[in-house]
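Below is one structure, written out as structure tokens; the observations come after it.
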Amino acid sequence: MYAFTYHRPKSVADAVALLGQFEDPKLLGGGQTLLPTLKQRLARPSDLIDLGQIPELQGIREEAGGLTVGAFTRHAQVAHSETVQRVIPALASLAEGIGDRQVRNMGTLGGSICNADPSADYPAAVVALKATVRTDRREISCDDFFTGMFETALEPGEIVTAVHFQKPDKAAYAKFRNPASRYAIVGVFVAVFGSEVRVAVTGAGPSVFRADDMEAALAQDFRADALNGASVPAAGLNADIHASADYRAHLVRVMARRAVEACG
Amino acid sequence: MANPTGIGASVRRREDARFLTGRGTYTDDINRPGQTHAVFVRSPYAHARITGIDAAEAMQAPGVIAVLTGADMEADKVGSLPCGWQIHSKDGSPMKEPPHFPIARDRARYVGDAVAVVIAETREQAKDAAELVMVDYEELPAAVTSLKALEGGAPLVHDDVGGNLCFDWHLGDAAAVDAAFAQAAHVAKLDLVNQRLVPNAMEPRAALGEYDRATGEHTLTTTSQNPHVIRLLMGAFVLGIPEHKLRVVAPDVGGGFGSKIFHYGEEAVVTWAAKKVGRPVKWTAERSESFLTDAHGRDHVSHAELAMDKDGNFLALRVATIANMGAYLSTFAPSIPTYLYATLLAGQYKTPAIYAEVKAVFTNTVPVDAYRGAGRPEACYLIERLVEVAAAETGIDKAELRRRNFVPASAMPYQTPVALQYDTGDFAKNLDIALPLVDYDGFAARKAESARRGKLRGIGFATYIEACGIAPSNVAGALGARAGLYESAEVRFHPTGSVTVFTGSHSHGQGHETTFAQLVSERFGVPIENVEIVHGDTSKIPFGMGTYGSRSLAVGGSAIVKAMDKVERKAKKIAAHMLEAAEADIEVKDGRFVVAGTDKALTIGDIALQAYVPHNFPLDELEPGLDEQAFYDPKNFTYPNGCHVCEVEIDPDTGVVQVVSFAAVDDFGRVINPLIVEGQVHGGLVQGIGQALYENCVYDEESGQLITGSYMDYCMPRADDVPSFTVRYHEDQPCTHNPLGVKGCGEAGTIGASAAVMNAVVHALSEYGVTHLDMPATPERVWQAIRRHTPAQAAE
Ligand SMILES: Cc1cc2nc3c(=O)[nH]c(=O)nc-3n(C[C@H](O)[C@H](O)[C@H](O)COP(=O)(O)OP(=O)(O)OC[C@H]3O[C@@H](n4cnc5c(N)ncnc54)[C@H](O)[C@@H]3O)c2cc1C
């Protein structure tokens, strides 16, 4: 790690003010991505602004029939929240499947979506659950938020404050995890809102995406077998030593079936 | 009355309280006044000429004390890291042994090869400065895989090693094998890869060098499994420091699995640099450095053929193996794919003729050396996969085919065609215990039940035998070892009856502090709390060879027994004097020295007191004191053996393999502490399952970059990946040539497990026509295998 100056603001306004003061500041969420990056000397921020002591960024509450989750909510808090388990149980079980216990006790929702790792789990929930990302200055629709591999619509210095998830009629997330890192090789989040079905796929491509064919097929007939004819093309999918693009394309269909089955 | 801390008692490990509460003292926990920190500048290229090193800017950085290079070591006449085992090729020529300098001089030969070292006041300062050391590299093409390195025109890792061939060795009777193959009714053939693994001890390597100007004494504290070996190699061959001026300490060591046997360059560098800068120098590897620089394991590519008669009796085995040595010869590297591998190719079978050829190859990768099992898992995997293929091809039940070919217990001692003489073993008995344990007959019903849930199911066997103890020095010497392979012990009774045992073995997770103390407790009736086990410090213990090859109890424990024999002989004399009886009438019963047929008795404490306060003592016959030393050099290897049975379930939609049950039936000879033995088996099994399903060290075949350089990509097995194990052992076949009758248990789990798992995986996939899969059986590999063998899906 290179040396940096550490700050711990008590409000979003203070954090914004600090961001404006320094040459190369960086926000610190749960640190599960940022700290390893610093330890490997792959980043050299002048200042770290820890978001952990800001009450506005915390907490889980019901709002407009859905759920609003503060950006600094840890994965374990989402997983164990009775509110989340009651309103959107699929979101709680997604959080429970992230990494390992240590990671869940530290990592945050805001950190996860701002980092936009192609194999992170939350992006699938954000997109499938028609979420709105709230920041210190605006609201961003889920369909606009994730713009590419490790890229989001956030402007420099923009702080995510909360995410509002809509409550689906039913939903489920099926994940095929990387046996080494336990990130998603493929994760498919299926959510049903009346006649609308959303199928969000993470892990498979450079960024989370919606499987249009599958959505159309399931809107017609919400059964796993309805996916028999639908598939995502392997072209353009990620490939690494753990999974080829072909295998990922195959897994998308298997996980989509499992998610549909889990919706009941 | 059984001694609650004697032989056979499941005494909880005494050392665990210390380790589990963070009170262990590991090398990195030790800090000396004035200590400095070393950080290595390492080659980012697999192969490059070093054309210049400019340290001027680094030297100006805050806190920097020195930047040292290979040229500085050369100027100080620092030598090459020696290799401890010499192999001769078929043509009688000695193996190629290119120099291996602690810091590379003109060429870097793998990603991570040390090029310079920065010494600074703090670790962070040293790291900062290391980035400022300007090394001019001229990148060269790299030979990365063993197969490519052997191809004509491949880049040469060492200019004077033609074809990158370190040695081309063989063992066995080729003519007899050819003749047997000519007679064969059936020949089973198999090509297989035993993939490269990263050892991943929990504690990264570390080394702390100190130099005392007043006495001229050097001290190296290091993460080693064998401090005396390091003292000998580093002192005599690398730094030229005589033994009496060099102390090597291996304090608490957090796992080794073989990777901490070897003498590494960093140890020599900190020892040398401490004198140069006049202050203690500490280096601790980061995890990513461990991935790049700890000696790796396995990495064999083999072809094997088994000849059988019409009844499935094995007639002959022919094996050709290419073994990757990496860029340099690590300390014991040449012995692993030869005398610890080919000699084990008989396995548990009475195959009359065996011939093995092994080519060892240099590549631009980190050196490969012993890793838990060391050659024996590679042998077991090859034989047991081949036997399973033979069973499938001949239609003979796989348990039956094995039984038919076992060396019978009645044939012991048994001379194999590949140099070893097994002393004991009842292989059929292991199988007889295993079959009902796993309900072999019920497999079909379980498979049907899995099928109802859409899963495939397979059952796989592995029988193994290993040669442990490593071994009689004269035998090892004849085979090329450049060291003796005995063990030492000193048993020192103190005046009030407590005991300190000094052992040449080294504990880095095996529980010696408990097991060894049980030996003393049993013998002299001393409570275990009164026995201290001291190991790991060359200034305290007698010259010892350390711990590897499942040797600690068989060789180190036997040395303790021999020292206790001497203590007992002397104690009897003292007791006879004190009790005014004839020495011949003194019996030792439950740790008490009794005059036969009387109630006159003394405890060892009474005797020890008299030995140190010799007021009533036969001073004209005996010296005072009760402190004896012994060295034990075994007559033979020991031969732990067993039968492992694994059952897996496979999800054909995803290719995920789940180990649903695993049973290990082992013969370790006599068992001193069943709890510790079970723990060793569990750990070994997990490591073997790890190789079968998860672990794979991958270098980019062109650039030689390590792709699996962190836990994000290198998959270690975790608790939730493995089932609850069924572990059984029997003690009917004690080792016949050591005083405890013990055989060793440290590596057994690893040796049998990979083959058992892979046999189960292939069995489950056999309904698709799959006959072999290389490790690790990752989900994608399994899925691809299914797809290749499913016409409809392949066309998709
Ligand atoms: C071993 C391991 C396994 C993991 N497995 C999984 C897994 O299975 N699935 C999964 O989804 N994830 C996984 N993760 C990632 C982890 O869950 C975290 O979500 C992720 O590391 C980022 O969250 P964080 O709170 O730690 O953010 P940090 O690491 O602190 O920050 C990440 C980035 O987000 C920025 N940031 C943080 N908060 C905000 C904010 N409120 N506004 C704007 N920018 C912000 C930071 O500046 C930084 O650039 C794993 C991580 C590890 C180490």
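Taking every residue in the range A:95-108 that is farther than 17 Å from A:ARG177 by Cα and pairing it with any residue that is more than 7 Å from the ligand (Cβ to nearest atom) and small (Gly, Ala, Ser), at least 6 positions away or on another chain, the pairs with Cβ-Cβ distances below 8 Å are A:ASN105/A:ALA76. Selection of strands (runs of 3 or more DSSP E) fully inside the range B:147-239 by the criterion of at least 1 residues being within 30 Å of B:THR27 (Cα to Cα) returns B:186-197, B:206-212, B:217-222. Within the range A:141-158, the set of residues being within 12 Å of the ligand (Cβ to nearest atom) and of a type in the set (Val, Ile, Thr) comprises just one member, A:THR152. Tell me yes or no: at least one residue of the range B:333-352 is over 28 Å from the mean Cα position of the chain (by Cα) and surrounded by fewer than 23 Cβ atoms within 10 Å (Cβ to Cβ). Checked the range B:333-352: at least one residue is over 28 Å from the mean Cα position of the chain (by Cα) and surrounded by fewer than 23 Cβ atoms within 10 Å (Cβ to Cβ). Do we find a residue being part of a strand (DSSP E or B) and touching a His at 6+ places or on another chain (Cβ under 6 Å) anywhere in the range B:304-316? Scanning the range B:304-316 turns up at least one residue that is part of a strand (DSSP E or B) and touching a His at 6+ places or on another chain (Cβ under 6 Å).
Scanning the range B:658-678 for residues that are surrounded by 18 or more Cβ atoms within 10 Å (Cβ to Cβ) and touching a Lys or Arg at 6+ places or on another chain (Cβ under 8 Å) returns B:ALA663, B:ALA664, B:VAL665, B:ASP666, B:ASP667, B:PHE668, B:GLY669, B:ILE676.
Restricted to the range B:125-146, and to residues there that are assigned to a helix (DSSP H, G or I) and under 34 Å from the mean Cα position of the chain (by Cα), the residue that is farthest from the other protein chains (Cβ to nearest Cβ) is B:SER146. I'd like the full set of residues that are within 14 Å of chain B (Cβ to nearest Cβ) and either touching a His at 6+ places or on another chain (Cβ under 9 Å) or surrounded by fewer than 17 Cβ atoms within 10 Å (Cβ to Cβ) (or both), limited to the range A:1-31. Selection gives A:MET1, A:TYR2, A:ALA3.
At least 3 residues being over 30 Å from B:LEU233 (Cα atoms) is the threshold, and among the strands (runs of 3 or more DSSP E) wholly inside the range B:512-624 those reaching it are B:586-589, B:592-595, B:601-603. Do we have any residue at all in the range B:289-298 that's more than 24 Å from B:ASP700 (Cβ to Cβ), surrounded by 24 or more Cβ atoms within 10 Å (Cβ to Cβ), of a type outside the set (Gly, Ala, Ser) and touching a residue at least 12 places away in the same chain (Cβ under 8 Å)? No, every residue in the range B:289-298 fails to be more than 24 Å from B:ASP700 (Cβ to Cβ), surrounded by 24 or more Cβ atoms within 10 Å (Cβ to Cβ), of a type outside the set (Gly, Ala, Ser) and touching a residue at least 12 places away in the same chain (Cβ under 8 Å). The set of residues from the range A:98-112 being near the ligand (Cβ under 7 Å from one of its atoms), farther than 22 Å from A:SER141 by Cβ and either of a type in the set (Ser, Thr, Tyr) or within 14 Å of chain B (Cβ to nearest Cβ) (or both) comprises A:GLY99, A:ASP100, A:VAL103. Filtering the range B:716-755 to residues that are within 14 Å of chain A (Cβ to nearest Cβ) and touching a residue at least 40 places away in the same chain (Cβ under 8 Å) leaves B:MET716, B:ASP721, B:VAL722. Where strands (runs of 3 or more DSSP E) fall entirely within the range A:145-264, those with at least 3 residues that are among the aliphatic types (A, V, I, L, M) and either farther than 20 Å from B:GLY655 by Cα or within 13 Å of chain B (Cβ to nearest Cβ) (or both) are at A:160-165, A:170-177, A:184-193, A:196-202.
Among the residues of the range B:426-475, the ones that are surrounded by 22 or more Cβ atoms within 10 Å (Cβ to Cβ) and assigned to a helix (DSSP H, G or I) come to 4 in all. The single condition from (1) within 12 Å of the ligand (Cβ to nearest atom); (2) within 28 Å of A:VAL201 (Cβ to Cβ) that A:LEU91 fails is (1). Restricted to the range A:113-138, and to residues there that are free of Cβ contacts under 8 Å to residues at least 60 places away in the same chain and in a helix (DSSP H, G or I), the residue that is nearest to the ligand (Cβ to nearest atom) is A:TYR122. Taking the range B:41-68, which residues are touching a Gly at 6+ places or on another chain (Cβ under 9 Å) and assigned to a strand (DSSP E or B)? B:ARG42, B:ILE50, B:ILE53 - these are the residues of the range B:41-68 that are touching a Gly at 6+ places or on another chain (Cβ under 9 Å) and assigned to a strand (DSSP E or B). For the residues A:ARG210, A:ARG198, A:ARG182, A:ARG223, the requirement of being of a type in the set (Lys, Arg), closer than 25 Å to B:MET712 by Cα and not assigned by TED's automatic domain parsing to the domain that holds A:GLY59 singles out A:ARG182. Would you confirm, using the coordinates I've provided, whether B:TYR211 is over 30 Å from B:LEU246 (Cβ atoms) and surrounded by 16 or more Cβ atoms within 10 Å (Cβ to Cβ)? The answer is no for B:TYR211.
Within the range B:675-715, the residues that satisfy the criterion of being among the hydroxyl-bearing types (Ser, Thr, Tyr) and within 12 Å of chain A (Cβ to nearest Cβ) are B:TYR694, B:TYR699, B:THR708, B:SER710, B:TYR711, B:TYR714.
Right, B:GLY655: within 14 Å of chain A (Cβ to nearest Cβ), crowded, with 20+ Cβ neighbours inside 10 Å and closer than 30 Å to B:ARG385 by Cα or not? Judged against the criteria, B:GLY655 is a match.
Within the range A:68-92, the set of residues being buried (at least 18 other Cβ atoms within 10 Å of the Cβ) and of a type in the set (Ser, Thr, Tyr) comprises A:THR68, A:THR73, A:SER81.
The values are calculated or read from the model by the stated rules, or taken from the named source; none is laboratory data. Since the model is a prediction, treat every value here as computed from it, not as a measurement. When we count neighbours, we look across all protein chains shown, and the Cβ atoms used for this are built from the backbone with ideal geometry, even at glycine.
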